[in-house]
Amino acid sequence: MSAGISIFAPSYRRGEPGACSTQEYLPECRYVVAESEAESYIDAGYQILAAPDAAQGNLCRIRNWILDNSPTDRILLLDDDLAALGFWEGTELRRMNADEAMEFLEAHFDLAESWGARFWGLNCIQDKGSYREYTPFSTTNYIGGPFQAFTDAKAFRYDEGLPLKEDYDMTLQAAAADRIVLRVNYAHYWAKQHTNKGGCATYRTMEREREQFDLLVRKWGSKIVRRDGGESQVRRKKEQGYDLNPQIKVPIPGV
């Protein structure tokens, strides 16, 4: 891995050509798959790391297995359907190529370490309206699951009881421990969240989402975890609307 950075993407039940895209964009990434699925991924042309079957079936469990077995302190966990990293240059949306992305990663791992942030990530929205030219970085904002970077692989562990809200929980864990989570607001990622078959889609239901939301509130409190005002609602048949994505308010000074 480049500059002591390990890049992994847990993948589950997607062992067919074209089902995963991250490795096509970042060849240094390895898909972490169950031993029983390894052959199908290899046949599909993917580079993999095989994990015990018992580590799969729960996103937090497999992410913890990856952290436990990382060969480097610096580790980046991605979704297996990442399309690209990008940023705005004036009014032009720029897509980083693989070399640019690796240079970007090395520079921002260095930045996170210099700021004392053991956990960092990117803007989860690519829309130009969400890009604040005068706030290229933030220190208390949510960091989404498709791109989560750790400067110390031993620093944190995912809560296996919150596999559908693991990114919110990890953001809060890191903020509580370090008083900072570095989010690079000027850069973002593209990923097919909630649309690809396999992965979390095998156990993501509206009822499970509600249960996970309630568990997150119980863990961190209703002053920190709040119901979304409606901007992130999903609509389904016979549903008035329900927020898949809660809002979190980190109660420490920062941006």
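Every number here is computed from the coordinates shown, using simple stated rules; none is lab data. Since the model is a prediction, treat every value here as computed from it, not as a measurement. Note that each Cβ is placed from the backbone with ideal geometry, even for glycine, and that neighbours are counted across all protein chains shown.
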Handout entry: Rounded D (µm²/s) - the range 68-157, Kirkwood Rh over Cα pairs, Stokes-Einstein at 20 °C, 1.002 mPa s
Key = 150 µm²/s
Exercise for the section: Would you mind calculating the gained length between K192 and E113 on full extension (0.36 nm times residue separation, minus the Cα-Cα distance), in nm to one decimal? Expected result: 25.5 nm
Exercise for the section: List H188, H108 from most exposed to least, where exposure is judged by having the fewest other Cβ atoms within 10 Å. Expected result: H108, H188
Fill in the blank from the handout: Sorting F150, S130, L77 by the position of each Cα along the dipole of the chain (Lys, Arg +1; Asp, Glu -1; all at Cβ), the one nearest the positive end of that ordering is S130
Completion exercise
For I7, the residues 5 or more places away or on another chain with a placed amide H closer than 5 Å to its own amide H are R30, L76
Practice task
Just grab the label-to-label distance for M206 and R227, each label 7 Å out from Cα along the Cβ direction, in nm (one decimal).
Solution key: 1.4 nm
Handout entry: Debye log10 I(q)/I(0) for the chain, one point scatterer per Cα, at q = 0.10, 0.13, 0.17 Å⁻¹
Key = -0.47, -0.83, -1.49
Problem - Size of electric dipole in the chain: Cβ of Lys, Arg +1 and of Asp, Glu -1, about Cα centre, debye, nearest 20 - result: 1200 debye
Practice task
Scan around A84 for amide H atoms under 5 Å from its own, H built in the peptide plane at 1.01 Å from N, and keep only partners 5 or more places away or cross-chain.
Solution key: W190
Handout entry: Helical mean residue ellipticity (222 nm; -39500 (n - 2.57) per DSSP H run of 4+; nearest 500) of the chain
Key = -8000 deg cm²/dmol
Practice task
Output the antiparallel fraction of DSSP beta bridges having both residues in the range 2-248, as a percent to the nearest 5.
Solution key: 60 percent
Exercise for the section: Can you list which of the trypsin sites (Lys or Arg not before Pro) found in the range 112-193 are DSSP loop residues with at most 14 other C-beta atoms within 10 Å? Expected result: R132, K154, R157, K192
Practice task
In whole angstrom, note down how far apart the Cα centers of the range 140-160 and the range 28-90 are.
Solution key: 14 Å
Completion exercise
Once both label points are put 7 Å beyond Cα along the C-beta direction, the K249-A176 separation in nm becomes 1.8 nm
